[in-house]
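Comments concern the structure below.
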Protein chains: 2
Amino acid sequence: MSGVRAQQKQKTRQALIQAAFNQLSADHSFSNLSLREVAREAGIAPTSFYRHFKDMDELGLTMVDEAGLTLRQLMRQARRRIANDGGSVINTSVVTFMEFIDNSSNQFRLLLRERSGTSKAFRAAVAREVKHFILELAHYLESETKCNAMHAYIQAESMVTLVFNAGAEALDIEGLQRDELIERVIWQLRYITRGAGHYVRETSKEA
Amino acid sequence: MSGVRAQQKQKTRQALIQAAFNQLSADHSFSNLSLREVAREAGIAPTSFYRHFKDMDELGLTMVDEAGLTLRQLMRQARRRIANDGGSVINTSVVTFMEFIDNSSNQFRLLLRERSGTSKAFRAAVAREVKHFILELAHYLESETKCNAMHAYIQAESMVTLVFNAGAEALDIEGLQRDELIERVIWQLRYITRGAGHYVRETSKEA
DNA sequence: TATTTTAGCTTACAGTTGTACGCTGAGATT
DNA sequence: AATCTCAGCGTACAACTGTAAGCTAAAATA
């Protein structure tokens, strides 16, 4: 196993994935990609594509998985920063997420677009990745605050929604406008934290 | 003016727009549309398309305007309901929005997708429509509560983001799951209201 | 009434797409 | 050493795309 042969196959498979990611941009979405162009950039004949993926959709789903992985790694990194540098949870998280958008903008774009895209399988795949993200945050909130599971989940869901959305807007702007955007999203997260906190307290009073 | 000629032209122009909207669906986005297919459904020759629009993008931008109009009409209707039926603001708004998603799902889909789509002009157009929506809500919040302008805007922005997002998710689900989704988004809006209220009070104390 | 304007048509073309089919040669297996 | 496997290639094709060019007939204008 893992002979020269299989190794080379993995290599061109990665070349295909990389080529596809490279061709994503502000004005080129996954559905705009053509099998032929991807194969061309990867340096293989169009028909050789099929040795690696059944069709473009299979490639795309692989890419979604990869982007989701990056996203989860990112979140762990954020938590590490919070634990070590001792910065504010909200601030650190938002800053880390914005770094993701700048450093891996094509991965983020893929998630962003395919979340409401044309293929049910894609939408489901992105939803799954986002849900992972939400659940990890919900667990964190549940352990760090005196939040019950339901409120923790809803709170996490809104936070992820708001940050994700701000990320989408951030893609198109720079400088001052961007700083203002970040400030706004931080306020939004504060609202959520306060508001959820209120209802949690009320709920525990009732209990 | 408004002779038989101009009248007929408007009619086929509308036929083109309608044909394009008809061809949108869960698995057919605007960028998947072809000029030829739209023309075919509208009942004209492909090349006659150019008598009405410079290219597909011009058609698309017109469609975005139309969808934005529908959206604003919807919001006014929601406010009327709130004033007359006297129901809860949050509940009525969410229910109204969900009706929009069911009754005009293709218009909603257009806004949803092109918001993060491939064309900067489209993204800007959708952002403009959404901003209208946010501003109207912000003014409402500012007048109905003791909220200052900044908090009103940020609050409105988060509410629209959360509802819009829930709408996107609602497109793919039905029944119980959907009811749960609606319940969650209502909680999220409550968080925002409470949280914003808290900071507003704090600000006015400081002042 | 004579002239101009124009929405819609037909024909035509060059470009791109996905993919079926069959071959080859280098690694893997026996 | 003989055989098998299979990643990658080249050719080929049918389906579709956007759009250029020029015609026609009916409405508008003068």
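The values are calculated or read from the model by the stated rules, or taken from the named source; none is laboratory data. Everything numeric in this text was worked out from a predicted model, so none of it was measured. Cβ coordinates were reconstructed from backbone atoms using ideal geometry, including for glycine residues, and neighbour counts include every protein chain displayed.
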Among the numbered criteria (1) in a helix (DSSP H, G or I); (2) crowded, with 16+ Cβ neighbours inside 10 Å; (3) within 17 Å of the chain's Cα centre (by Cα); (4) in contact (Cβ under 8 Å) with a residue 24 or more places away in the chain, which one does B:Val200 miss? (3)
Please work out if A:Asp65 is away from DNA strand D (no atom under 16 Å from the Cβ), within 14 Å of another protein chain (Cβ to nearest Cβ) and part of a helix (DSSP H, G or I). no
In the range B:129-160, what residues are in a helix (DSSP H, G or I) and of a type in the set (Val, Ile, Thr)? B:Val130, B:Ile134, B:Ile154, B:Val160
Would you check if B:Ile82 is free of Cβ contacts under 8 Å to residues at least 40 places away in the same chain and among the aliphatic types (A, V, I, L, M)? yes
Checking the condition farther than 26 Å from A:Arg115 by Cβ, surrounded by 14 or more Cβ atoms within 10 Å (Cβ to Cβ) and under 25 Å from the mean Cα position of the chain (by Cα), which residue from B:Leu33, B:Leu24, B:Leu16 passes? B:Leu16
If A:Ser31 satisfies all but one of (1) more than 14 Å from chain B (Cβ to nearest Cβ); (2) within 16 Å of DNA strand D (Cβ to nearest atom), what's the number of the condition it fails? (1)
Output the residues belonging to the range A:1-27 that are among the aliphatic types (A, V, I, L, M), within 13 Å of DNA strand D (Cβ to nearest atom) and either within 14 Å of chain B (Cβ to nearest Cβ) or part of a loop (DSSP other than H, G, I, E, B) (or both). A:Met1
From the option list A:Thr70, A:Thr62, A:Thr47, single residue qualifying as surrounded by fewer than 14 Cβ atoms within 10 Å (Cβ to Cβ) and either β-branched (Val, Ile, Thr) or away from DNA strand C (no atom under 16 Å from the Cβ) (or both) is A:Thr47
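Would a scan of the range A:103-122 turn up a residue that is assigned to a helix (DSSP H, G or I), without any contact (Cβ under 8 Å) to a residue 40 or more places away in the chain and more than 10 Å from chain B (Cβ to nearest Cβ)?
yes
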Exactly one of these conditions fails for A:Ile90: (1) within 12 Å of DNA strand C (Cβ to nearest atom); (2) surrounded by 17 or more Cβ atoms within 10 Å (Cβ to Cβ). Give me its number. (1)
For the range A:96-123, name all the residues that are under 16 Å from A:Gln77 (Cα atoms) and of a type in the set (Val, Ile, Thr). A:Thr96, A:Ile101
Only one of (1) at the interface with chain A (Cβ under 7 Å from one of its Cβ atoms); (2) surrounded by 17 or more Cβ atoms within 10 Å (Cβ to Cβ); (3) of a type outside the set (Phe, Trp, Tyr); (4) part of a helix (DSSP H, G or I) is not met by B:Arg190, so which one is it? (2)
Tell me, please, whether a residue that is out of contact with any Asp or Glu (no Cβ under 8 Å at 6 or more places or on another chain), surrounded by 15 or more Cβ atoms within 10 Å (Cβ to Cβ), at pLDDT 95 or above and more than 18 Å from A:Glu157 (Cβ to Cβ) can be found in the range B:156-168. yes
Against the condition without any contact (Cβ under 8 Å) to a residue 60 or more places away in the chain, β-branched (Val, Ile, Thr) and in the same structural domain as B:Phe100 (by TED's automatic domain parsing), how does B:Thr193 come out, does it pass? no
Counting only residues that are closer than 21 Å to A:Ser116 by Cα, more than 7 Å from chain A (Cβ to nearest Cβ) and assigned to a helix (DSSP H, G or I), the range B:161-187 contains a total of 14
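Can you say whether A:Val94 is in contact (Cβ under 8 Å) with a residue 40 or more places away in the chain and touching a helix residue (DSSP H, G or I) at 6+ places or on another chain (Cβ under 9 Å), as far as the supplied structure shows?
yes
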Filtered residues of the range B:41-62 (kept if more than 8 Å from DNA strand D (Cβ to nearest atom) and of a type in the set (Val, Ile, Thr)): B:Ile44, B:Thr62
Failed criterion for A:Val38 (all others in (1) loosely packed, with under 14 Cβ neighbours inside 10 Å; (2) of a type in the set (A, V, I, L, M, F, W, C); (3) within 16 Å of DNA strand D (Cβ to nearest atom) hold): (1)
Looking at B:Val94, B:Val126, can you tell me which residue is under 19 Å from A:Ser29 (Cα atoms) and in a helix (DSSP H, G or I)? B:Val126
